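J.: Could you have a look at this structure, given as structure tokens, before my questions?
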Amino acid sequence: MKTRGYFNGFGGAYIPEILVETFKELENAFLDVKDDPLFWNEYKTVLSTYSCRPTPVTFAENLTRYFNGARIYIKREDLNHTGAHKANNVIGQGLLVKRMGKKRVIAETGAGQHGVATATMAAKFGFKCTIYMGEVDMERQRPNVFWMEKLGAEVIPVTEGTRILKDAINEAFRDWVANMDTTHYVLGTACGPHPFPEMVTYFQSIIGKEARKQIIKITNKLPSRVYACVGGGSNAMGIFSGFFDDPVELIGVEAGGRGLESGRHAARLSSTDASIGIAQGYKTYFLQDSDGQMKKTHSVAAGLDYVGVSPILADLKEKGRVRFESATDKEVIDAMSLTIKKEGLIPALESAHAFVQAFKDAPKLDKDDVILINQSGRGDKDIFTIADAFSDPGWKEFIIKKAKEYNA
Amino acid sequence: MLESYIKNRLKEKEILLMTHIVIGYPSFEDSFRIIEEMVKAGVDLMELQIPFSEPMADGPVILSANQKSLAYGTKVAKCMEFAKKVSKTFNIPFLFMSYYNILYKYGLKDFTSFMKDAGIHGAIVPDLPHEEACDYLKAMEACNLNPIMLFSPNTPKDRLKAIASYAKGFIYCVARKGVTGSSTSFSDEFEAYVNRCRKETDLPLAIGFGVKEKRDIDFLRGKADIAIIGTAIIKLIEQKGIEHIKEFIESLTVASTKQNSS
Ligand SMILES: Cc1ncc(COP(=O)(O)O)c(C=O)c1O
């Protein structure tokens with residue numbers, strides 16, 4: 001490879017020898033498209049005709065009045081085709097796969113959003129598609145499993161390890177080391193071996209590019225703060241990258257799960273529980289024990305329920321450029337509920353983490369301050385989890401009735 | 001010296017056998033008994049895998065052995081002590097096999113000085129290409145240990161040469177694409193690969209991934225120096241029991257003693 005993809009000691013490419021040539025090929029293909037102005041235009045064209053780019057920025061007037069502080073704006077990545085920012089990365093990598101001449105794509109998925117986006121891209125571009133998904137996540141994101149299968153993808157349940165996102169990544173790698181000649185691994189977040197963190201960030205940077213222009217146009221100024229949830233870190237890197245050179249505070253919100261003190265969370269950069277290590281092909285902060293074994297993580301949001309984090313964010317954390325906070329499951333449900341009621345917007349459980357911190361900060365800020373939240377996805381996929389969280393009686397009744405119909 | 005041990009041994013045997021265990025699976029006591037059986041059966045060297053929660057290069061059988069060992073409470077420190085005991089008890093070279101995070105978290109210098117004290121000859125770290133291995137290679141060098149480097153069938157010539165320049169003891173040639181466990185069809189194409197490897201190094205060549213029966217070893221005889229058996233023995237232990245190891249290993253190596261003067 002031309003570079004090793006280090007961000008002040010985080011990153012790298014810790015890959016088995018059998019994959020070295022594949023990564024070299026991928027890095028070259030990525031560097032080619034990065035240098036090719038026509039590629040970015042092609043990318044934008046696909047996203048504006050097949051998806052809804054540029055996605056709008058919405059003024060959350062009612063929430064602003066409610067918190068009586070900073071003016072709250074929301075970048076609407078939920079309006080992408082397939083309902084999340086994942087589409088940006090997937091279309092980018094899909095165009096790359098075409099250039100590389102491969103015919104099959106594989107992907108891991110946690111929330112199922114990346115899986116659905118990949119299956120959709122595969123259907124459109126005519127690739128065969130296999131999605132690896134932890135058994136636990138298949139349960140909690142069942143609607144997305146249905147759509148992936150309808151889109152023609154094979155969804156393989158991962159029954160090893162903790163049966164969530166990290167285990168799905170391991171299985172995708174195991175597939176790839178056998179099939180790299182025909183297959184590209186569409187990694188869904190800004191993690192993994194170089195060039196993935198940089199490449200996924202590059203495709204997602206379209207969020208930040210648009211958002212910066214839009215917010216200046218609407219408010220005539222830069223936002224004071226930008227909020228994004230952080231699973232692997234792709235939507236956060238996407239929106240943050242538009243503001244790196246500006247005097248804008250960037251806040252990444254991780255999954256606080258049952259609370260940091262409970263140990264049942266996925267807070268790598270906002271807790272003191274993580275330490276530097278090497279797994280899944282890269283070096284970053286991992287939630288691991290003193291032996292280096294990965295720990296079990298927890299979040300109500302499958303997409304944030306991950307042991308590692310983008311090496312680029314680990315670097316930005318150490319540099320103090322990005323502030324990291326966490327939001328508990330309960331806070332997330334409350335923030336989501338409020339957003340639905342006040343604005344008629346349904347953020348994904350993942351995205352709602354960013355809303356939690358923005359809502360904590362907004363009342364303390366000046367009325368002239370503008371803050372921007374990245375709504376990385378829409379919450380429809382979470383209907384089962386959310387209905388459970390609300391213990392919604394009407395929904396329960398419906399499910400029981402439906403189950404009876406199937407049993408009849 | 002590991003390399004000279006192997007070369008001397010090759011004067012008497014056409015092909016050597018390296019076997020593998022996951023430490024603490026099915027239990028520490030059984031791990032010890034397994035090694036005892038293997039040594040009795042005439043195995044020439046052994047890799048001791050310290051289990052890791054994310055064994056990316058391993059297939060289902062070894063993956064599951066890693067997870068079960070960890071689930072029973074296996075700790076790295078206990079694996080190290082186990083390795084020390086084993087290497088003081090049995091008179092063949094032992095190597096560690098694990099993923100880089102295990103060494104990194106233990107501390108590279110502490111890890112290598114422990115190896116030296118314990119008499120462990122070297123290590124195999126499948127997720128550590130030489131570009132990322134600077135600190136590891138230095139620590140191994142300082143303790144006079146053998147970093148076993150890996151070749152793969154798609155490694156280009158220049159890279160084989162580069163890898164060989166960092167390797168000591170022998171080279172682990174991954175027989176095919178994929179993870180450990182599934183079978184390998186040893187063919188003419190494979191022979192060409194081994195020849196490519198030979199051109200770039202004078203170190204002995206060990207072949208692993210998918211070696212599982214006598215037929216495979218017969219094919220490798222005269223081409224490779226060491227045959228590596230991993231998954232096949234874990235399966236044997238799971239299906240038949242430890243007491244069958246010796247018989248199995250002996251059946252593999254039948255006729256591998258060099259026929260001197262007849
Ligand atoms: C809607 C949504 N937001 C956020 C994430 C977290 O990923 P990342 O941190 O890469 O943006 C996911 C992942 O599945 C997601 O589906």
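Every read-out reported here was derived from the displayed coordinates using simple, explicitly stated rules and does not represent laboratory data. The structure displayed is predicted, hence computed values, not measured ones. FYI the Cβ positions are ideal-geometry reconstructions off the backbone, even for glycines, and counts take in every protein chain you see.
J.: If we count other beta carbons within 10 Å of each Cβ, what is the order of A:V158, A:V309, A:V248, fewest first? The partial results should precede the final answer.
T.: Working: A:V158 24, A:V309 30, A:V248 19.
The fewest-first ordering by Cβ neighbours comes to A:V248, A:V158, A:V309.
J.: Please give the contour-minus-distance gain from B:E250 to B:D158: 0.36 nm per residue of separation, less the Cα-Cα distance, rounded to one decimal in nm.
T.: Numbers: separation 92, 0.36 × 92 = 33.12 nm, distance 3.85 nm.
Result for the pair: 29.3 nm of gain on full extension.
J.: What residues from segment A:292-332 fall in the zone where the backbone N is under 19 Å from a label point 7 Å along the Cα-to-C-beta line of A:E261?
T.: In segment A:292-332, the label zone of A:E261 (backbone N under 19 Å from the point 7 Å along Cα→Cβ) covers A:298, A:325-332.
J.: Here's something else I'd like to know. I need the per residue convex hull volume for chain B, using only the alpha carbons, in cubic angstrom as a whole number. Numbers along the way, then the final one.
T.: Working: hull volume 31.7 nm³, N = 262.
Normalising the Cα hull of chain B by residue number yields 121 Å³.
J.: What spacing in nm lies between the two simple spin-label points modelled at A:E149 and A:N41, each 7 Å away from Cα in the Cβ direction?
T.: Here the modelled spin labels are 4.4 nm apart.
J.: For the residue pair A:N62 and B:E213, what label-to-label distance in nm results when each label sits 7 Å from Cα along the Cα-to-beta-carbon direction?
T.: 6.9
J.: Continuing with this model, one more query. Mind giving me the FRET efficiency for A:K319 and B:S165? R0 is 35 Å, r the Cβ-Cβ distance, nearest 0.05 is fine.
T.: Details: r = 36 Å, r/R0 = 1.03.
Efficiency computed from Cβ-Cβ geometry: 0.45.
J.: Same structure again: Only counting other Cβ atoms within 10 Å, I'd like A:M1, B:M46 sorted with the fewest neighbours first.
T.: Numbers: A:M1 18, B:M46 23.
With the fewest neighbours first, A:M1, B:M46 line up as A:M1, B:M46.
J.: Label 7 Å along Cα→Cβ of B:E238; segment B:193-228 residues with amide nitrogen under 18 Å?
T.: Counting only backbone N, you get B:209-213.
J.: Determine the dipole magnitude for chain A: charges of +1 sit on the beta-carbon of Lys and Arg, -1 on that of Asp and Glu, nothing else is charged, the reference point is the Cα centre, and the result goes in debye to the nearest 20.
T.: Values: 52 positive and 51 negative charges, 183 e Å.
Computed about the Cα centre, the dipole is about 880 debye.
J.: How many angstrom lie between the Cα centre of segment A:68-144 and the Cα centre of segment A:290-322?
T.: What the calculation gives is 20 Å, centre to centre.
J.: Describe numerically, in nm with one decimal, the distance between label points set 7 Å from Cα along Cα→Cβ at B:E141 and at A:I156.
T.: 4.0
J.: So, one more: I need the calculated FRET efficiency for the pair B:K116 and A:Y6, taking r as the beta carbon distance and R₀ as 25 Å, to the nearest 0.05.
T.: 0.25
J.: Oh, and also: Among the aspartates and glutamates, select those whose C-alpha is under 16 Å from the C-alpha of B:K105, and discard any that sit fewer than 8 residues away in the same chain.
T.: Cα-Cα hits under 16 Å: A:D273, A:D289, A:D291, B:E54, B:D127, B:E132, B:D135.
J.: Could I ask something else about it? Taking the Cβ of each residue in A:R4, A:R268 as the centre, tally the other Cβ atoms inside 10 Å and list the residues starting with the fewest. Walk me through the numbers before you get to the answer.
T.: Details: A:R4 14, A:R268 29.
Placing the least packed residue first, the sequence is A:R4, A:R268.
J.: Across peptide B:42-48, what mean number of C-beta atoms from other chains lies inside 10 Å of a residue's C-beta? Could you put the intermediate results ahead of the total?
T.: Details: counts 0, 0, 0, 0, 0, 0, 0.
Mean partner-chain Cβ count within 10 Å for B:42-48: 0.
J.: Let me ask you something else. If packing is taken as the average count of other Cβ atoms within 10 Å, what order do B:188-195, A:232-239, A:34-41 fall into, highest mean first? Walk me through the numbers before you get to the answer.
T.: Details: B:188-195: 14.1, A:232-239: 31.2, A:34-41: 11.5.
Peptide ranking by packing, descending: A:232-239, B:188-195, A:34-41.
J.: Separate question: Given Cα pairs under 8 Å that are at least 6 residues apart, what percent is the relative contact order of segment B:2-252?
T.: Values: 430 pairs, mean separation 58.1, N = 251.
The normalised contact order for segment B:2-252 reaches 23 percent.
J.: Would you mind giving the mean number of other chain beta-carbons within 10 Å of the Cβ of each residue in A:171-180, as a whole number?
T.: Working: counts 2, 0, 5, 11, 2, 2, 9, 6, 2, 3.
Partner Cβ neighbours, averaged per residue: 4.
J.: Tell me what chain A gives for mean residue ellipticity at 222 nm when only DSSP H runs of n ≥ 4 count, each as -39,500 (n - 2.57), the sum divided by the residue total, rounded to 500 deg cm²/dmol. Can you show the working numbers first?
T.: On the way: 15 runs with 184 residues, N = 408.
Here the helix-only value at 222 nm equals -14000 deg cm²/dmol.
J.: Within 10 Å of each Cβ of B:52-63, how many other protein chain Cβ atoms are there on average?
T.: Per-residue shielding by partner chains comes out at 6.
J.: Here is the link list: A:K209/A:K317; B:K88/B:K138; A:K24/A:K296. Which ones come out longer than 28 Å on Cα distance? Spell out each step's value before the answer.
T.: Values: A:K209/A:K317 22 Å; B:K88/B:K138 25 Å; A:K24/A:K296 33 Å.
As for pairs spanning more than 28 Å Cα to Cα, those are A:K24/A:K296.
J.: Would you please state which residues of segment A:155-189 a label at A:F384 would reach in this model, taking the label point 7 Å out along Cα→Cβ and a backbone N cut-off of under 18 Å?
T.: Only A:155-160, A:163-165, A:168 fall inside the zone, counting backbone N under 18 Å.
J.: If you don't mind, another one. Rounded to the nearest 0.05, what FRET efficiency do A:K34 and A:A123 have when you use their Cβ-Cβ distance and R0 = 22 Å?
T.: After rounding, the FRET efficiency stands at 0.25.
J.: Could you tell me which residue out of B:A224, B:G119, B:L48 lies farthest along the dipole of segment B:2-252 toward its positive end? Charges go on the beta carbon: Lys and Arg +1, Asp and Glu -1, centred on the Cα centre.
T.: B:G119
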